[in-house]
């Protein structure tokens, strides 16, 4: 209902109280509600609700933290990562210099010692902890140790399990990662869109200053990276829908939904294992499972079309 509202007609470049258009009194309230609810839901000090998508959220973090050609360490797409984690066909792999970590071929799980070795060798400026096809929980505390050891910014992309994380059913990246990005659909059940979070704001580590010579906070760089860095006007009808979704996710009923989602995925994974299917990593901690069909002599595409 909110996504289909007349708010779609309102231009509102800028941020609440600092718009380039007049007549934004109502949308300022709407956006601030979305911000406040996102912060409460994830226990964050900072939230930017304007990204149009998860990819735009990631692009904005890169814009804020990196220069073209800087090295990033991300989850290999073929192992379960995402296009925006350094794929050569994506801006992240064309503008920046990507190196990758992946899963252990035997266990199907992340090998954190191996990730440490890669980080030590490659010295990335940014490390991305997150995936689009990985069924296990992530050790964000270990990722932070790795990032700190090489002086890298740690960004978590929790687009897929965000709803489970918000209700405490999976490891929380907020205390460990410098910056967290997510989509607002998937397990958050909201409209298609993106979100950037920080557990705590901090002075930018590169010494970038305001025109008055003051050190910019990271929140300032992220806001500038979203608008005007990567986007123009925000989609106010979608921001209103995000506010509704965050409000729903704050309710006790959302925990019941998220826990049942997790139980359903576990039950399905166990059922496939009993039927002789190879479930990568042996099961699931979240809402996803990956089936290796090679021992069945068929491809995923053939199974899809069957």
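Scoring residue 58 on the criteria (1) within 19 Å of residue 235 (Cα to Cα); (2) free of Cβ contacts under 8 Å to residues at least 60 places away in the same chain; (3) surrounded by 23 or more Cβ atoms within 10 Å (Cβ to Cβ) leaves a single failure, condition (2). Taken over region 275-296, the criterion of being exposed (fewer than 11 other Cβ atoms within 10 Å of the Cβ) and either at pLDDT below 90 or assigned to a helix (DSSP H, G or I) (or both) is satisfied by 294, 295. Scanning region 86-132 for residues that are closer than 22 Å to residue 176 by Cα and out of contact with any strand residue (DSSP E or B) (no Cβ under 8 Å at 6 or more places or on another chain) yields 112, 113, 116, 117, 120, 132.
Of all residues in region 73-87, at least one satisfies being surrounded by fewer than 20 Cβ atoms within 10 Å (Cβ to Cβ), free of Cβ contacts under 8 Å to residues at least 24 places away in the same chain and either on the phi > 0 side of the Ramachandran plot or in contact with a helix residue (DSSP H, G or I) (Cβ under 9 Å, 6 or more places away or on another chain) (or both). For region 239-256, a residue qualifies if it is free of Cβ contacts under 8 Å to residues at least 40 places away in the same chain and in contact with a helix residue (DSSP H, G or I) (Cβ under 8 Å, 6 or more places away or on another chain), but none of them does.
Residues that are within 22 Å of residue 291 (Cα to Cα) and under 11 Å from the mean Cα position of the chain (by Cα) were ranked within region 119-164; the one that is surrounded by the fewest Cβ atoms within 10 Å (Cβ to Cβ) is 132. Among the residues making up region 115-146, those that are in a loop (DSSP other than H, G, I, E, B) and over 21 Å from residue 59 (Cα atoms) are 134, 135, 136, 137, 138, 139.
The set of residues in region 88-114 that are without any contact (Cβ under 8 Å) to a residue 12 or more places away in the chain and assigned to a helix (DSSP H, G or I) comprises 93, 94, 113.
Every listed requirement among (1) more than 13 Å from residue 64 (Cβ to Cβ); (2) out of contact with any strand residue (DSSP E or B) (no Cβ under 7 Å at 6 or more places or on another chain) is met by residue 182 save one, (2).
The values are calculated or read from the model by the stated rules, or taken from the named source; none is laboratory data. Please read all numbers here as calculations on a predicted model, not as lab measurements. Using ideal geometry, Cβ is built from the backbone for each residue, glycine included, and neighbour counts are taken over all protein chains shown.
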